[in-house]
Amino acid sequence: MIKVYVPPIEKFELNEDYGEINHVLKDGLRKNSKTELVKSYEECDYVFADFRHLIPERTGYTGDLRTFDSNKLIVIDYSDRAELYDIDCLHYFKRSSVNKGQGRFREYPRKIHHISYCIKNKWLDFNVKKNKKRDIDISVFFRERGQRVKGGMYNREVVASFVKQTFSDKNIWVGIADKDGEEGRINMGSDYVDKMLNSKIVVNCNPDHWEGDYRLFESLSCGPLVLVDHMITPVKNPFENNKHLGYYGSLEELRAMINDYLHFEETRKEVAYNGYKYSLEHHTTSNRIDEILEVIEDGKKQTKQKKTTG
């Protein structure tokens, strides 16, 4: 059993639904059969730190990760920012490591490991097979063009406007359900969940400058057919096009895919269910912990080999 310590931040301890500290690190460690979440640094084999541990001015974290042995420190950086945080650690996992606009990986001064979002544990309890209604043909959970205040979401606005204009003859939902931003990511809004459970197709789109958001995995966990723009972030057990979901590269391709999947109902249902089952089997918080543990184990093997050959 690998013993892992996650340094506490009071802001997040007070709300167990808040942030990746709780719903990826702690939930994943609790669910994983290979790990034990311990209460002190003295007990642990490794320290798993969230990027929020490195921004005390925002979180109020009173500790200092630099006091820990860097050979035991694992940083999991799910932040949107492209830059790395300045910290010496054994392994650094980075989500927004793709320059989306240029379709390439960012270059960093140190080795990083790509990591993706996953399905939060509280999204695992839906009985999708019982939900037979699905009377919303297409849902897009973004604002239309001109309605977004935050920058870096132009592509999402374009997709939302395109779907609304192109498929006006269908029963569609375009817009924010419940609340957006950080509060929307924290809470499971009932209207948002209900609309996803009752959608035949959910169209997703990554932010302009990076890849990865929770909407992709929230959609998959609710069982609609999910369409998303092409992604290059390497993940273990990747989703296959037209088997688990659909990838589009242009608005015209998106139009064709929506028309085809609405017309061929049985194919749509099959791909949707495949994506739902596959995401629950391979993209949970425990699965992400497995990926981190594999990197740690591979690193130990490489270090041992260097010592042997050196």
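To the nearest 20 debye, what is the magnitude of the charge dipole of segment 7-65 about its Cα centre, counting +1 on the Cβ of each Lys and Arg and -1 on the Cβ of each Asp and Glu?
180
How far, in nm, would the chain grow between D64 and F105 when pulled straight, counting 0.36 nm per residue and subtracting the alpha carbon separation? Can you show the working numbers first?
Values: separation 41, 0.36 × 41 = 14.76 nm, distance 3.00 nm.
This chain segment gains 11.8 nm when fully extended.
At 7 Å along the Cα-to-beta-carbon direction for both K243 and V158, put a label point, then send me their distance in nm to one decimal.
Result for the modelled spin labels: 3.0 nm.
When the helices in the chain are scored as -39500 (n - 2.57) per DSSP H run of 4 or longer and the sum is shared across all residues, what 222 nm value do you end up with, to the nearest 500 deg cm²/dmol? Please report the intermediate quantities before stating the final value.
Values: 10 runs with 105 residues, N = 310.
-10000 deg cm²/dmol, from helical runs alone.
Computed FRET efficiency, Cβ-Cβ of A82 and I2, R0 25 Å: what is it to the nearest 0.05?
Numbers: r = 31 Å, r/R0 = 1.23.
After rounding to 0.05, the efficiency reads 0.25.
For the Cα atoms of the chain, what angle does the longest principal axis make with the long axis of helix 285-309, in degrees from 0 to 90, nearest 10?
The helix 285-309 is inclined about 40 degrees to the chain.
Where the only charges are on Cβ atoms (+1 Lys, Arg; -1 Asp, Glu), what is the dipole of segment 151-310 about its Cα centre, to the nearest 20 debye?
560
Averaging sequence separations of C-alpha pairs under 8 Å and six or more residues apart, then dividing by the length of the chain, give the relative contact order as a whole percent. Display every interim value, and only then the final one.
Numbers: 521 pairs, mean separation 54.1, N = 310.
With pairs under 8 Å counted, the relative contact order is 17 percent.
Which value, in debye to the nearest 20, gives the size of the charge dipole of the chain about its Cα centre, when Lys and Arg are +1 and Asp and Glu are -1 at the Cβ?
Working: 50 positive and 50 negative charges, 100 e Å.
Here the chain has a charge dipole of around 480 debye.
Multiplying the sequence separation of D45 and I296 by 0.36 nm and subtracting their Cα-Cα distance, what value in nm do you get?
Difference between extended and current length: 89.2 nm.
Can you return the lysines within cross-link range of K133? Criterion is Cα-Cα under 30 Å, with same-chain partners fewer than 8 residues away left out.
The qualifying lysines are K120, K122, K164, K170, K179, K195, K200, K243, K269, K277.
Would you work out the relative contact order for segment 39-146, in percent, from Cα pairs under 8 angstrom that are 6 or more residues apart?
17
Work out how much length E270 to D208 would gain on full extension: take 0.36 nm times their residue separation and subtract the Cα-Cα distance, in nm to one decimal.
Values: separation 62, 0.36 × 62 = 22.32 nm, distance 3.04 nm.
Working it through step by step, the gained length comes to 19.3 nm.
Could you check the simple spin-label distance between Q165 and E10, using points 7 Å along Cα→Cβ, in nm with one decimal?
5.2
A short reminder: the numbers here are calculations on the coordinates, not readings from a lab. Small disclaimer: the values here were computed from a predicted structure and weren't measured. Every residue, glycine among them, receives a Cβ derived from its backbone with ideal geometry; neighbour counts consider all protein chains shown.
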